[in-house]
Amino acid sequence: MAPRPHWKGYLKLSLVTCPVQMTPATSENEKVRFHTLNRETQNRVVSHYVDSVTGKEVKEEDEVKGYQRGENEYVILEDEELENVALDSTKTIDIEVFAPRDGVEWIWLDTPYYLSPDDPVGEEAFTVIRDAMAAENMVGISRLVISRRERAVMLEPRGKGIVLWTLRYGDEVRDAETYFETVDDEAADSEMMPLVQQLIKKQTQHWSPKMVSDPVQDKLLDIIDAKRKQMKKPGKAKPKASEKQEPAPSNVINIMDALRKSVEAENRSGKGKHPS
């Protein structure tokens, strides 16, 4: 069953408008999550807001948003005032500018969402906007209010739908040159290059989600399963945590020798496979 939409509104291009719905493209629902418990009672621990000066608990009706403008000086905004900031982008994704897809670098992309028609009547308008962008290899740039914060967004045609990416702001992206300026401009060693290329070919496989599986998640599930079984069989010793440690990497003095040995090891094992 498809997850519930995160947002519903309208996609607009000039005079063309169609109802759409937006659903997160990623999920962390399958991740292992923990609750904080009282060790003695095993009851869940509940957090409360406490006044930083008096130390007294603050009731929910007394909680209010404040913007700091100086030391111990705040501008208070009520919930009604925040809700009344009625931006057009709250319910409408109005595409006002397009850009070549290959001109938007990966570092600007933040969170992906799936955008799809919310009404069969508007499906034709959705389809023509999607296909026109795909034909020109263009993406739409717009704005959208998500969680009370207006975000710049990029609309990218993808198959039968559109992927909406929230974009990072300019002051959030750091200049790569600052971090790479100490790297030499010299080309790679011509004798080493073929060896590295050979390693790449031997270890090339078709992409699979299994390449990015979470080993920590699997180990946590194993521990939880073992403890669950232990709870059903009282009197047995608790399973010991694994004390296996990864060996420390040895210092590689001669890169060329290391590359040659790596290629030889790959050839002997035959574990690297060419994409079929």
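The values are calculated or read from the model by the stated rules, or taken from the named source; none is laboratory data. Because the structure is predicted, anything quoted here is derived from the model rather than measured. Heads up, the Cβs are rebuilt from the backbone with ideal geometry, glycines too, and the neighbour counts pull from every protein chain shown. Just the protein is used for accessible areas: all its heavy atoms, side chains included, with ligands, DNA and RNA removed. Shrake-Rupley method; radii C 1.70, N 1.55, O 1.52, S 1.80 Å.
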Lys, Arg +1 and Asp, Glu -1 on Cβ, resulting dipole of region 61-168 about Cα centre, debye, nearest 20: 660
Region 175-229 - percent of accessible surface contributed by carbon and sulfur, probe 1.4 Å: 57
Per residue accessible area of the chain, 1.4 Å probe, in Å²: 83
For region 186-215 versus region 98-124, the gap between their alpha-carbon centres in whole angstrom: 31
Carbon and sulfur %, accessible surface of region 26-117 computed with the full protein complex present, 1.4 Å: 47
Computed FRET value (nearest 0.05) for residue 182 with residue 108, which takes r as the C-beta separation and R₀ as 25 Å: 0.50
Label-point separation, residue 38 to residue 267 (7 Å along Cα→Cβ), nm: 6.8
Net charge, residue 151 excluded, C-beta distance under 13 Å - Lys, Arg +1, Asp, Glu -1: +1
Net charge dipole size for the chain [Lys, Arg +1 and Asp, Glu -1 on Cβ; Debye, nearest 20]: 2500
Extension gain, residue 78 back to residue 94 (0.36 nm per residue minus Cα-Cα distance, nm): 2.9 nm
With all protein chains modelled, accessible area of residue 47 [1.4 Å, Å²]: 110
Heavy atoms of residue 108: accessible area, 1.4 Å probe, square angstrom to 10: 90
Helical contribution to [θ] at 222 nm, DSSP H n ≥ 4, -39,500 (n - 2.57), averaged over the chain, rounded to 500: -7500 deg cm²/dmol
